[in-house]
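Notes for the one structure printed next.
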Amino acid sequence: MSDKALSKQQKYQLVHEDYDGTAGYYQERYNAAEEFRVQLIDFILSLPPHAVVLDCGSGPGKEACVIAKSAQKVVALDLSANMLTKVKENNPMIEIVHANMNTLPFVNSSFDAIWCSRAIIHIPQEDLAQTLTEFYRVLKRDGMLGLLFRIPDEVIAMKEEFLPETAPHSEHLVYYRNLYSEVYMKDVLTRIGFAIEKKDPGVSIDNEVSLYMRARKVN
């Protein structure tokens, strides 16, 4: 399967169906708040007082729950309604929003910070700049972005993948993702107007290497 076989709307549908179908398994198996604890702590320690934070692509909300201990308010946004149900089970006080991060349903300058942990990999290449521009738009002046993304193993700019879903009883689902290199992501972020403040690698439970970038909105 290739990017020419499906429209971007169909690619988003793959993501939606995959996470709606595996929300329970994902909740049980994965805990990015622990896998990327060092990176999450860096993000939290960099928050301003009384921060309003958007967890973009929140999944079941385990990271949102940790952020909520330090922030004044956390909003969890996800494409999967079943994932957002898990958020409410984990912390009923967290506000949830069912939407695609490529078109955020918020007014300009709504948030002090955005946390986006690996969810950006589900954004097709043709929508990456638009999505990061949306992040920039809804951040306040000097707002912070904490971005974690899977990087390619090869020395390439980006790689689109359609993988078989490995969760039990999910053989009919497709795990769609895009791997972006450090250079590629940095170029897109800086062209939009972000300044990169920190970079730090991390390894998931599946032994996949991701990169954390803390970036600041430049006005």
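Each value in this text was obtained by applying a stated rule to the coordinates, not by laboratory testing. The shown structure was predicted, so the numbers you read here are calculated from the model rather than taken from an experiment. We place every Cβ from the backbone using ideal geometry, glycine too, and count neighbours over all the protein chains shown.
Based on Cβ point charges of +1 for Lys and Arg and -1 for Asp and Glu, what charge dipole magnitude is obtained for the chain about its Cα centre, in debye rounded to the nearest 20?
840 debye
Where a Cα-Cα gap under 28 Å defines reach, which lysines qualify for LYS86, not counting those fewer than 8 residues away within the same chain?
LYS8, LYS11, LYS62, LYS69, LYS73
From the square roots a ≥ b ≥ c of the eigenvalues of the alpha-carbon gyration tensor of region 107-151, which class results: rounded (a/c under 1.5), prolate (a/b over b/c), or oblate?
It is oblate, given that a/c is not under 1.5 and a/b is not larger than b/c.
What is the Cα coordinate range of region 179-219 on the first, second and third principal axes, sorted by size from largest, in whole angstrom?
38, 16, 10
Cross-link candidates for LYS199: which lysines have Cα within less than 18 Å, leaving aside residues fewer than 8 places away along the same chain?
The qualifying lysines are LYS186, LYS217.
Per Stokes-Einstein, at 25 °C and 0.890 mPa s, what whole-number D in µm² s⁻¹ belongs to the chain, with the Kirkwood radius over Cα pairs as the hydrodynamic radius?
So the translational diffusion coefficient is about 142 µm²/s.
Please give every one of the aspartates and glutamates within straight-line cross-link reach of LYS140, meaning a C-alpha to C-alpha distance under 16 Å, and leave out same-chain neighbours fewer than 8 residues apart.
Candidates past the 8-residue exclusion: ASP55, ASP112.
As a check on your grasp of the helix formula, calculate [θ] at 222 nm for the chain: sum -39500 (n - 2.57) over DSSP H runs of n ≥ 4, divide by the residue count, round to the nearest 500.
One gets -10500 deg cm²/dmol as the mean residue ellipticity at 222 nm.
Which order, highest average first, do 135-146, 84-95 follow once you tally other Cβ atoms within 10 Å for each residue and take the mean per peptide?
Output ranking for 135-146, 84-95: 135-146, 84-95.
What does the convex hull of the Cα atoms of region 100-189 come to per residue, in Å³, rounded to a whole number?
111 Å³
Are there cysteines in the chain with no other Cys C-beta under 4.7 Å, and if so, which?
CYS65
With label points built 7 Å along Cα→Cβ from the Cα atoms of ILE156 and ALA195, find their separation and express it in nm.
For ILE156 paired with ALA195, the spin-label model returns 3.5 nm.
Using a/c under 1.5 as the rounded threshold, could you call region 1-110 rounded, prolate or oblate? The axes a ≥ b ≥ c are square roots of the C-alpha gyration tensor eigenvalues, and prolate needs a/b larger than b/c, oblate otherwise.
prolate
Would you please give the FRET efficiency between LEU163 and ASP142, computed as 1/(1 + (r/R0)^6) with r the Cβ-Cβ distance and R0 = 35 Å, to the nearest 0.05?
Between LEU163 and ASP142 the formula returns 0.40.
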